[in-house]
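> Sharing a structure, written as structure tokens. Questions coming.
The values are calculated or read from the model by the stated rules, or taken from the named source; none is laboratory data. If you're wondering where the values come from, they're calculated on a predicted model, not measured in any experiment. Methodologically, a virtual Cβ is constructed for each residue, glycine included, from the backbone with ideal geometry; neighbour enumeration extends over all protein chains shown. Heads up: the accessible areas ignore ligands, DNA and RNA and are worked out on the full protein's heavy atoms, side chains in. Shrake-Rupley method; radii C 1.70, N 1.55, O 1.52, S 1.80 Å.
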Amino acid sequence: MNYIGSKLKLSSWIEEEVKKVVGQDLSQKTFCDIFAGTGIVGRTFKEDVKKVIANDLEHYSFVLNKNYIENHTPIPEKERYIQELNELPLRDDGFIYQNYCMGSGSGRQYFSDHNGKKIDTIRIAIQAWYDKGAIGENLYYFLLASLIESADKVANTASVYGAFLKHLKKSAQKELVLEGAEYIENDNEHKVYHQDSNVLIHEIEGDILYLDPPYNQRQYSANYHLLNTISQYQPFVPKGKTGLPEYNRSAYCKKSEVLRSFEALIHAANFKYIFLSYNNEGLMSEEDVKNIMQKYGKYDLITKEYQRFKADKTSARNHKATKTYEYLHVLEK
């Protein structure tokens, strides 16, 4: 997925730096990714550690991590279910088509009419199977994660869901094909949560805590609201031109609250090693983070230059720099 703050390109570097600090053998360690997003970092460590704990307040993220992190054993015939879902006759009474496709009269065009109907058809079928006990939890989250990622590929947006495009772009004109969200199989059990990180931190413990909170005032609930709508599939009255629901507002996206929330998280963390990914465009300065973390133990900073994510047109960008700096703040408590 094209995802703001994704660590896909940085995941191997993060793994390398964590092992330099903690040691090369992580096989008896519990690793927690408490702002998990799409789960890239947790997936990177899944085969290295005894257990991964993943968490995110966004429901689409919870679904993705229930599949990519918590699923770890084979699911019989999962591809047969994918094929069956792809072949279902389309319905036109679903929530996505009625509210986010132009043909329904909604005035919104996040998906083509065909793809909106197909998203609804598949989502309703998955829920019906689960509710009547035809599929278990592992398959349920595998199919939901597959739908979220497959729908995202044909979304008519410029990357995030803050707005839709006036005309269907080429990728949005393609027919949605449900493809399996394949996960790493291994012998270890993992755990995924759907909570506020500052609440969950009091309930968990482990060896390595990885933090990748939002950097700026962009709220993920607003930027990816359609993915939450697909994953939760609970009716509501969409608001305004973009069809927003009521959504979570993270303290980490608020200049007035971020330092207090961050220190509370560090203070409560029952983990030996804490790694914070942040960058030079964030609400907290390098000095802010250092001043907080060094209160609680041995502090260090690792820096890497990389190409910044572009969710906007180059000519109209707020940030003119093509590169940014990723900071990996390290604390040994």
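> Roughly what % antiparallel, to the nearest 5, for the DSSP beta bridges in the chain?
55
> Then there is this: How many percent of the accessible area of the range 80-162 is carbon or sulfur, using a 1.4 Å probe? Let's see the in-between values first.
Numbers: 1380 of 3070 Å².
Taking all protein chains in place, the range 80-162 shows 45 percent carbon and sulfur surface.
> Length gain on complete extension for the stretch Ala268 to Ala128, per 0.36 nm per residue less the alpha carbon to alpha carbon distance? The partial results should precede the final answer.
Details: separation 140, 0.36 × 140 = 50.40 nm, distance 4.08 nm.
Difference between extended and current length: 46.3 nm.
> Once fully extended, how much extra length lies between Lys191 and Lys50, figured as 0.36 nm per residue of separation less the alpha-carbon to alpha-carbon distance?
Details: separation 141, 0.36 × 141 = 50.76 nm, distance 1.14 nm.
Taking Lys191 through Lys50 to full extension adds about 49.6 nm, to one decimal.
> Based on the alpha-carbon gyration tensor of the chain, what equivalent-ellipsoid semi-axes (square roots of 5 times the eigenvalues) come out, in whole Å, largest first?
Here the semi-axes work out to 34, 24, 17 Å.
> Could I ask something else about it? Can you tell me which lysines have their Cα less than 19 Å from the Cα of Lys66? Leave out same-chain residues fewer than eight positions away.
Lys7, Lys46, Lys50, Lys51, Lys78, Lys191
> Oh, and also: Determine which aspartates and glutamates satisfy two conditions relative to Lys9: a Cα distance under 13 Å, and not lying fewer than 8 residues away in the same chain.
Qualifying aspartates and glutamates at Cα under 13 Å: Glu305, Glu326.
> One quarter of the convex hull surface, Cα atoms only: what value does that give for the range 17-174 in nm²?
Dividing the Cα hull surface by four gives the mean projection, 11.3 nm².
> Additional query: Can you put Arg123, Arg218, Arg260, Arg108 in order of accessible area, largest first, using a 1.4 Å probe?
Details: Arg123 5, Arg218 90, Arg260 155, Arg108 25 Å².
Ranked list, largest accessible area first: Arg260, Arg218, Arg108, Arg123.
> Quick check on the range 47-104: what are the equivalent-ellipsoid semi-axes from the Cα gyration tensor, as sqrt(5λ), descending, whole Å?
32, 19, 6
> Also, I was wondering about something else. Going by accessible area, probe 1.4 Å, with all protein chains left in place, what is the ranking of Val177, Val330, largest first?
Ranked list, largest accessible area first: Val177, Val330.
> Express the Stokes-Einstein translational diffusion coefficient of the range 181-227 in µm² s⁻¹, to the nearest whole number, given a Kirkwood radius over alpha-carbon pairs, 25 °C and a viscosity of 0.890 mPa s.
On the way: Rh = 14.1 Å.
Reported coefficient: 174 µm²/s.
> Based on Cα positions only, what radius of gyration and what Dmax would you give for the range 109-254, in angstroms?
Looking at the range 109-254, its Cα Rg and Dmax stand at 17.3, 49 Å.
> Can you quote the Å³ per residue value for the convex hull of the Cα atoms in the range 189-319, rounded to an integer?
167
> Once you keep just the Cα pairs under 8 angstrom separated by 6 or more residues, what percentage relative contact order results for the chain?
That works out to 19 percent.
> Please work out the average accessible area per residue across the chain, using the 1.4 Å probe convention, and give it in Å².
Per-residue accessible area for the chain comes out at 46 Å².
> Quick check: at a probe of 1.4 Å, how many percent of the accessible area of the range 172-232 sits on carbon and sulfur atoms? Provide the component values of the computation, followed by the final result.
Numbers: 1010 of 2710 Å².
Carbon and sulfur together cover 37 percent of it.
> Still on this structure, please answer the following. Please check the chain for the longest run free of GluC sites (Glu not before Pro) that are loop-located per DSSP (anything but H, G, I, E, B) and have at most 16 other Cβ atoms within 10 Å.
With a cap of 16 other Cβ atoms within 10 Å, the longest stretch comes to 88-174.
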